[in-house]
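Here's the structure, in structure tokens; my notes come after.
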Amino acid sequence: MMKHLLLSLCCLGASLAPQAYAHGEHDHDEKPLTPPWQDASSWPDRIVTTIPEAPQTSFAVTWRTDDDVSSAVAQIVEATDAARFDAGAEIVLGETEALDLVDVPIAQEIWKADWNEGLAPVHYHSVIFRDLKPDTVYAYRVRGGEGNWSEWFQIRTAAEDGPVKFIYVGDAQNGVLSHWSRLIRAAYSTAPDSRFILHAGDLVNNGARDIEWASWFKAVGFIHGMLPAIPVAGNHEYRRYKLNGEESDRLLSMMWRPQFTLPEAPGLPDDLQEAAYDIRYSDDIHIFILSTQNEKIQAQADWLDEQLARSDAKWKILSMHHPIFSSGSDRDTPELRDVLLPVIQKHKVDLVLQGHDHTYARGAMSQTPERISYTDAGGDVDIMFVNSVSGPKQYDFKDTGWDDYADTGVQLQRRAENTQFFQIITIDGDTLTYEARTALNNLYDDFVMTKGEDGNKTITRGAQSTMDERMFDSSEPYVKGGLD
Ligand SMILES: [Fe+2]
């Protein structure tokens with residue numbers, strides 16, 4: 001929600017051409033038809049919680065209205081079993097930010113955001129609730145125009161310690177409402193006691209296009225009113241803008257910061273604020289987020305190195321969009337690997353959660369040179385890397401698997417094509433349990449990692465999944481295209 005200047009950025013890594021979105025039939029001279037759930041009104045919508053400050057004592061909520069609503073008003077109360085739990089709710093005020101969806105101020109210029117033609121300016125509102133009790137359920141609601149309140153949402157603050165379960169998903173990106181909705185709803189249905197959902201980038205195909213965010217928020221529904229989002233910016237959240245036919249470099253979409261209230265990261269430049277950040281979720285868990293489409297990879301690597309060195313959390317988890325080890329055919333980001341892998345190795349980051357390649361890949365770096373196969377019961381592990389995908393766009397897996405990266409010591413242990421996944425990760429003291437599940441909630445991949453007093457980790461349980469490997473030639477037919 002901070003109003004940082006958008007600075008010029010160069011692109012990194014491969015980009016994908018945005019697909020056409022059918023707005024409905026219309027003449028070129030007329031305003032495109034928009035579905036009623038896209039249009040802003042005096043009622044709050046696109047409600048999303050986040051954790052920009054200490055999750056034990058605070059959380060943020062961000063929502064949208066039309067531009068007639070000029071103030072950010074919310075209410076909060078500790079939830080009880082009483083039918084009128086809301087008696088005694090406190091009013092909390094926040095910030096309102098105007099967003100023009102068409103004319104985007106970039107430095108001193110006004111640039112055009114493609115595809116939003118005809119859409120009225122909107123207001124994004126955010127409130128940070130503070131001074132809350134840890135591990136406590138609160139009820140809150142947010143207001144649009146006078147008397148136009150959202151429903152009450154319940155949300156639990158983080159505990160100081162104890163077990164934490166969370167959901168991680170890779171790219172949604174395409175068919176977000178039509179095809180991704182079932183996956184994210186299956187994830188929530190499977191693990192409603194999760195404490196947050198981490199989205200590893202490319203949440204939508206065109207991060208500056210309002211209809212796609214409308215679809216994302218409709219797909220996710222009330223879920224992020226209850227479980228905070230930890231969003232990672234992918235290459236598709238970076239867009240080019242036009243001025244007099246001239247294209248800008250790729251810039252973080254003008255919609256990103258207004259609609260997600262994210263932590264500040266002192267020490268990082270303005271254009272990385274709310275794109276690279278960290279969240280110390282509990283005594284045990286520290287999460288680090290990078291923005292790999294931003295060209296300042298070295299600055300992020302230096303920042304990450306410093307943050308990791310300073311953190312005394314037992315479990316350190318890194319998430320970024322572009323993978324260190326690519327799994328999509330003809331994809332690789334060696335510049336990222338060269339800069340970031342040494343930092344990841346130096347601090348033995350436990351888990352690296354990524355997206356971008358529209359395939360599933362999980363593999364480990366370990367102290368032992370011999371391969372830890374998927375079915376092995378155990379073995380040492382230093383770092384576990386995952387690439388996953390939650391949306392319907394699916395790519396071919398690299399012919400060579402991760403053999404191209406053998407000199408780093410990484411070993412691919414489980415792979416898939418043609419499958420949407422969500423991951424449930426549970427951290428309880430010395431143990432991290434990981435499960436990759438399909439849209440039908442079938443267990444596809446899993447491991448249990450245990451950390452000893454010396455910080456060394458082992459895989460302590462063999463795979464429980466009985467599913468065969470899913471590749472294009474061994475699964476249902478895949479239809480390319482046709483995704484809105
Ligand atoms: Fe991507």
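So, of the residues in the range 337-357 that are assigned to a loop (DSSP other than H, G, I, E, B) and away from the ligand (no atom under 12 Å from the Cβ), which turns out to be surrounded by the fewest Cβ atoms within 10 Å (Cβ to Cβ)? Outline the logic, then answer.
Step one: filter the range 337-357 for residues assigned to a loop (DSSP other than H, G, I, E, B), giving 347-350, 355-357.
If we keep only those that are away from the ligand (no atom under 12 Å from the Cβ) too, we end up with 347-350.
Values: His347: 18, Lys348: 16, Val349: 22, Asp350: 23.
So the residue we want is Lys348.
What's the number of the only condition in (1) touching a Ser or Thr at 6+ places or on another chain (Cβ under 9 Å); (2) closer than 19 Å to Thr438 by Cα that Pro228 fails to meet?
Here Pro228 meets the rest and fails (2).
Have a look at Gly88, Gly94 and point out the one that is more than 30 Å from Glu246 (Cβ to Cβ), without any contact (Cβ under 8 Å) to a residue 24 or more places away in the chain and out of contact with any Cys (no Cβ under 7 Å at 6 or more places or on another chain).
Working: Gly94 fails: without any contact (Cβ under 8 Å) to a residue 24 or more places away in the chain.
After ruling out the rest, the residue left standing is Gly88.
If you scan the range 210-259, which residues turn out to be surrounded by 24 or more Cβ atoms within 10 Å (Cβ to Cβ), within 16 Å of the ligand (Cβ to nearest atom) and part of a loop (DSSP other than H, G, I, E, B)?
Of everything in the range 210-259, those that are surrounded by 24 or more Cβ atoms within 10 Å (Cβ to Cβ), within 16 Å of the ligand (Cβ to nearest atom) and part of a loop (DSSP other than H, G, I, E, B) turn out to be Val232, Ala233, Gly234, Ser253.
Criterion first (among the acidic types (Asp, Glu) and more than 21 Å from Phe222 (Cβ to Cβ)) does Asp86 satisfy it? Even if it seems obvious, please write down each step before you answer.
Details: among the acidic types (Asp, Glu): yes; more than 21 Å from Phe222 (Cβ to Cβ): no.
Against the criterion (among the acidic types (Asp, Glu) and more than 21 Å from Phe222 (Cβ to Cβ)), Asp86 does not qualify.
Would you point out the residue of the range 143-196, among those that are within 22 Å of Asp428 (Cβ to Cβ) and among the acidic types (Asp, Glu), that is modelled with the highest pLDDT?
Asp193
From the list Glu53, Glu30, Glu97, which one is out of contact with any Leu (no Cβ under 9 Å at 6 or more places or on another chain), outside any loop (DSSP other than H, G, I, E, B) and either modelled with pLDDT under 90 or among the acidic types (Asp, Glu) (or both)?
Details: Glu53 fails: outside any loop (DSSP other than H, G, I, E, B); Glu30 fails: outside any loop (DSSP other than H, G, I, E, B).
Answer to the check: Glu97.
For the range 105-142, give me each residue that is in a strand (DSSP E or B) and charged (D, E, K, R). Can you show your working first?
We begin by selecting, within the range 105-142, every residue in a strand (DSSP E or B); these are 105-106, 109-112, 122-129, 137-142.
Across the range 105-142, the qualifying residues are Glu109, Lys112, Arg141.
The values are calculated or read from the model by the stated rules, or taken from the named source; none is laboratory data. Everything numeric here is computed off the predicted structure, so don't read it as measured data. With ideal geometry, Cβ positions are generated from the backbone for all residues, glycine too; neighbour counts draw on all protein chains shown.
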